[in-house]
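Worksheet: one structure, shown below.
The values are calculated or read from the model by the stated rules, or taken from the named source; none is laboratory data. Keep in mind that what you see is a predicted model, and the values were worked out from it rather than measured. Here the Cβ positions follow ideal geometry from the backbone for every residue, glycine too, while neighbour counts run over all protein chains shown.
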């Protein structure tokens with residue numbers, strides 16, 4: 001292949017890889033314009049008659065830069081710069097490329113990679129980083145060949161060697177990169193927190209839940225959080241988030257007037273969780289029901305054993321929780337009337353229905369059990385489509401359609417309990433989760449969004465009631481082949497460890513790592529003296545540097561393939577009793593072999609090696625394999 005063609009291919013590949021880093025962050029117009037310039041540059045290279053003057057490219061570049069400078073705002077700085085960079089990269093591809101043009105393409109590609117890291121460092125960033133590192137290193141090595149001989153041709157084998165050397169250089173830089181990662185301070189994700197970059201809420205679990213709202217969330221597969229914990233029984237997988245106590249007829253919301261004291265801790269086995277929360281756009285935290293303790297930064301405890309943050313998080317968040325998986329929450333209620341509040345206008349038909357269901361019942365427990373089983377006995381079904389959206393959706397749900405999602409079931413039961421003089425409220429959170437046994441955590445997505453009811457029994461406290469029937473398999477995300485399910489879990493495991501060990505690796509973990517290292521040095525598992533302990537960091541650093549430079553020296557001093565083959569050939573014949581002296585030529589050496597078959601086989605090897613070497617070309621892969629086979633036959 002011609003060297004110029006290789007360089008052009010690498011330029012397009014670097015540009016495409018850089019564009020893949022940022023296309024999610026730029027406006028569709030700039031992404032389409034960059035793609036158009038990319039295709040136009042390909043067409044220009046194919047049709048040599050199409051010549052675009054350099055002055056025109058420079059004028060267009062200025063026309064791109066000036067509007068970007070005018071669009072920069074304190075609340076929006078990175079995206080306009082990335083949009084300008086992708087256009088400049090497309091324009092640079094249009095030029096007739098000299099060495100400096102290739103270098104500018106590499107620099108623009110690198111700036112796009114860095115710019116994408118200012119907005120997001122997801123797991124895919126690692127793929128982009130590795131790919132661009134190898135491509136840019138390879139491009140610089142090939143560009144060095146051009147400086148020596150512009151019209152050089154490269155064989156596929158030579159190009160493969162350059163690619164391997166580039167990958168090896170990146171690999172040798174890995175130990176030093178790891179040291180920098182462990183030692184140097186970093187800014188938590190995102191790397192550059194700029195004002196105005198607010199997340200749009202996706203969860204809907206703010207301080208209200210509107211009928212039909214969760215159904216749109218349950219069609220979303222986005223990850224909300226991952227909870228590291230031991231596997232638990234499926235019936236206990238309720239993730240508590242908010243408690244709502246006021247109902248308008250269509251919307252539940254949290255009251256700020258009632259200041260009920262915190263309930264007592266339920267009895268049962270404590271379950272410890274380490275939760276990694278995604279920036280979903282809300283400030284509520286989730287933990288296994290019932291959370292008795294949550295520890296994290298800037299937390300506040302709300303009524304009903306719920307927790308939230310002071311501000312909406314803009315990055316992945318880690319916190320710990322301790323829960324008791326119980327259906328009961330002990331509490332002495334002092335504001336019964338507040339949890340018996342009914343909407344200003346509610347259908348009298350619903351009250352008549354409650355009277356029919358509770359006919360001849362006396363105690364609170366009996367009423368609660370009858371209302372709990374009412375939905376099952378009357379054949380209510382779960383659905384996410386064609387939900388009642390009239391002025392009185394609960395009346396239509398209870399008396400007409402008998403189809404709805406968890407909001408309708410929970411709202412209807414809570415309303416009917418209040419009509420029966422039983423205090424009730426609605427709890428929002430998530431139900432279920434996919435357990436990843438390989439990494440030991442529950443994966444909870446928006447599809448698991450759920451709402452249930454808590455009813456108050458004076459002798460017990462708040463009792464969890466969930467009238468919603470079992471959700472269809474496709475709703476829970478289980479309607480997929482085992483292979484695709486395992487593949488999704490494997491990808492999510494990678495995302496989990498990336499967030500755990502890369503994004504959430506902050507100053508506190510650096511201090512913990514340093515403290516652990518200090519404890520090991522102070523109390524080693526084997527005895528050593530004080531001088532040895534003091535010298536250990538220097539010895540470790542010296543060995544690391546020695547390993548890196550030793551690897552580079554080995555690559556630099558490695559003999560060419562033909563000399564290595566001659567060395568193997570000489571060793572093979574030495575095993576037969578024929579030792580070759582350093583001044584002895586190969587043909588002279590072969591002529592003094594006494595065994596005829598061995599001499600003829602050796603002569604074949606020497607002749608084929610000399611034919612390949614005397615052509616002043618590098619050995620191809622096929623020739624190398626052929627010569628190694630001849631050596632093994634000796």
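May I ask you to say which residue of 428, 379 is under 17 Å from residue 356 (Cα atoms) and either assigned by TED's automatic domain parsing to the domain that holds residue 250 or not in a loop (DSSP other than H, G, I, E, B) (or both)?
On the way: 428 fails: under 17 Å from residue 356 (Cα atoms).
Of 428, 379, the one residue that is under 17 Å from residue 356 (Cα atoms) and either assigned by TED's automatic domain parsing to the domain that holds residue 250 or not in a loop (DSSP other than H, G, I, E, B) (or both) is 379.
Looking only at residues in the stretch 56-96 that are in contact with a helix residue (DSSP H, G or I) (Cβ under 7 Å, 6 or more places away or on another chain) and outside any helix (DSSP H, G or I), which one is modelled with the lowest pLDDT?
The initial filter retains those residues of the stretch 56-96 that are in contact with a helix residue (DSSP H, G or I) (Cβ under 7 Å, 6 or more places away or on another chain), namely 57, 60-61, 64-65, 68, 71-72, 78, 80-95.
Keeping just the survivors that are outside any helix (DSSP H, G or I) gives 72, 95.
Working: 72: 69, 95: 79.
It comes out as 72.
Can you give me the number of residues within the stretch 312-340 that are farther than 30 Å from residue 117 by Cβ and surrounded by 14 or more Cβ atoms within 10 Å (Cβ to Cβ)?
In the first step, residues of the stretch 312-340 are kept if they are farther than 30 Å from residue 117 by Cβ; the result is 321-340.
If we keep only those that are surrounded by 14 or more Cβ atoms within 10 Å (Cβ to Cβ) as well, we get 321-331, 333, 335, 338-340.
So the answer is 16.
Conditions (1) assigned by TED's automatic domain parsing to the domain that holds residue 397; (2) in contact with a strand residue (DSSP E or B) (Cβ under 8 Å, 6 or more places away or on another chain); (3) free of Cβ contacts under 8 Å to residues at least 40 places away in the same chain, marked per residue:
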residue	(1), (2), (3)
329	yes, yes, no
333	yes, yes, no
337	yes, no, yes
344	yes, no, no
352	yes, no, yes
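If I ask for residues that are over 17 Å from residue 249 (Cα atoms) and either in a helix (DSSP H, G or I) or touching a strand residue (DSSP E or B) at 6+ places or on another chain (Cβ under 6 Å) (or both), which ones from the stretch 382-399 would you list?
Step one: of the stretch 382-399, the residues over 17 Å from residue 249 (Cα atoms) are 382-386.
Passing the criteria: only 383.
Considering each residue of the stretch 366-378, count those that are in contact (Cβ under 8 Å) with a residue 12 or more places away in the chain and either under 42 Å from the mean Cα position of the chain (by Cα) or surrounded by fewer than 16 Cβ atoms within 10 Å (Cβ to Cβ) (or both), and give that number. Steps first, answer last, please.
Start the filter on the stretch 366-378 by keeping residues that are in contact (Cβ under 8 Å) with a residue 12 or more places away in the chain, which leaves 367-368, 370-372, 374-376, 378.
If we keep only those that are either under 42 Å from the mean Cα position of the chain (by Cα) or surrounded by fewer than 16 Cβ atoms within 10 Å (Cβ to Cβ) (or both) too, we end up with 372, 375-376, 378.
Count: 4.
Here are some residues: 130, 134. Which one is at pLDDT 80 or above, surrounded by fewer than 16 Cβ atoms within 10 Å (Cβ to Cβ) and closer than 28 Å to residue 495 by Cβ? Before you say what the answer is, go through the steps one by one.
Working: 134 fails: surrounded by fewer than 16 Cβ atoms within 10 Å (Cβ to Cβ).
After applying the criteria, what remains is 130.
Quick check on residue 293: is it within 33 Å of the chain's Cα centre (by Cα), under 23 Å from residue 425 (Cβ atoms) and buried (at least 21 other Cβ atoms within 10 Å of the Cβ)?
On the way: within 33 Å of the chain's Cα centre (by Cα): yes; under 23 Å from residue 425 (Cβ atoms): yes; buried (at least 21 other Cβ atoms within 10 Å of the Cβ): no.
Spelling it out, it is not the case that residue 293 is within 33 Å of the chain's Cα centre (by Cα), under 23 Å from residue 425 (Cβ atoms) and buried (at least 21 other Cβ atoms within 10 Å of the Cβ).
Could we say that residue 389 is assigned by TED's automatic domain parsing to the domain that holds residue 232 and within 29 Å of residue 329 (Cα to Cα) here?
Criteria not met by residue 389.
State yes or no: is residue 300 surrounded by fewer than 18 Cβ atoms within 10 Å (Cβ to Cβ) and either more than 19 Å from residue 461 (Cα to Cα) or not assigned by TED's automatic domain parsing to the domain that holds residue 245 (or both)? First the steps, then the outcome.
Values: surrounded by fewer than 18 Cβ atoms within 10 Å (Cβ to Cβ): yes; either more than 19 Å from residue 461 (Cα to Cα) or not assigned by TED's automatic domain parsing to the domain that holds residue 245 (or both): yes.
Yes; evaluated as a whole, the condition is true for this residue.
Restricting to the stretch 379-391, what's the tally of residues that are surrounded by fewer than 18 Cβ atoms within 10 Å (Cβ to Cβ), touching a helix residue (DSSP H, G or I) at 6+ places or on another chain (Cβ under 9 Å) and within 16 Å of residue 350 (Cα to Cα)? Before the answer, list the steps.
Pass one, the stretch 379-391, residues surrounded by fewer than 18 Cβ atoms within 10 Å (Cβ to Cβ): 379, 381-383, 385-386, 389-391.
Among the residues that remain, those that are also touching a helix residue (DSSP H, G or I) at 6+ places or on another chain (Cβ under 9 Å) are: 382-383, 385-386, 389-390.
Then drop every residue that is not within 16 Å of residue 350 (Cα to Cα), which leaves 390.
Here the count works out to 1.
For the stretch 449-461, check the following and say yes or no: at least one residue is assigned to a loop (DSSP other than H, G, I, E, B), touching a strand residue (DSSP E or B) at 6+ places or on another chain (Cβ under 9 Å), at pLDDT 70 or above and assigned by TED's automatic domain parsing to the domain that holds residue 320. Lay out the reasoning, then the answer.
Here is the first cut: in the stretch 449-461, the ones assigned to a loop (DSSP other than H, G, I, E, B) are 458-460.
Retained after the next criterion (residues that are touching a strand residue (DSSP E or B) at 6+ places or on another chain (Cβ under 9 Å)): 460.
Then drop every residue that is not at pLDDT 70 or above, which leaves 460.
So of that shortlist, the ones also assigned by TED's automatic domain parsing to the domain that holds residue 320 come out as 460.
Yes, the stretch 449-461 contains at least one residue that is assigned to a loop (DSSP other than H, G, I, E, B), touching a strand residue (DSSP E or B) at 6+ places or on another chain (Cβ under 9 Å), at pLDDT 70 or above and assigned by TED's automatic domain parsing to the domain that holds residue 320.
One line per residue, one yes/no per condition, for (1) buried (at least 23 other Cβ atoms within 10 Å of the Cβ); (2) more than 31 Å from the chain's Cα centre (by Cα); (3) closer than 26 Å to residue 338 by Cβ:
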{"position": "402", "(1), (2), (3)": "no, yes, no"}
{"position": "412", "(1), (2), (3)": "yes, yes, yes"}
{"position": "434", "(1), (2), (3)": "no, no, no"}
{"position": "439", "(1), (2), (3)": "no, no, no"}
{"position": "443", "(1), (2), (3)": "no, no, no"}
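Name, by its number, the condition in (1) at pLDDT below 60; (2) within 20 Å of residue 466 (Cα to Cα) that does not hold for residue 209.
Going through (1) at pLDDT below 60; (2) within 20 Å of residue 466 (Cα to Cα) one by one, residue 209 breaks only (1).
I'd like to check something: does the stretch 493-506 contain any residue that is assigned by TED's automatic domain parsing to the domain that holds residue 242, out of contact with any helix residue (DSSP H, G or I) (no Cβ under 9 Å at 6 or more places or on another chain), at pLDDT below 65 and surrounded by 13 or more Cβ atoms within 10 Å (Cβ to Cβ)?
Step one: list which residues in the stretch 493-506 are assigned by TED's automatic domain parsing to the domain that holds residue 242, which gives none.
Scanning the stretch 493-506 turns up no residue that is assigned by TED's automatic domain parsing to the domain that holds residue 242, out of contact with any helix residue (DSSP H, G or I) (no Cβ under 9 Å at 6 or more places or on another chain), at pLDDT below 65 and surrounded by 13 or more Cβ atoms within 10 Å (Cβ to Cβ).
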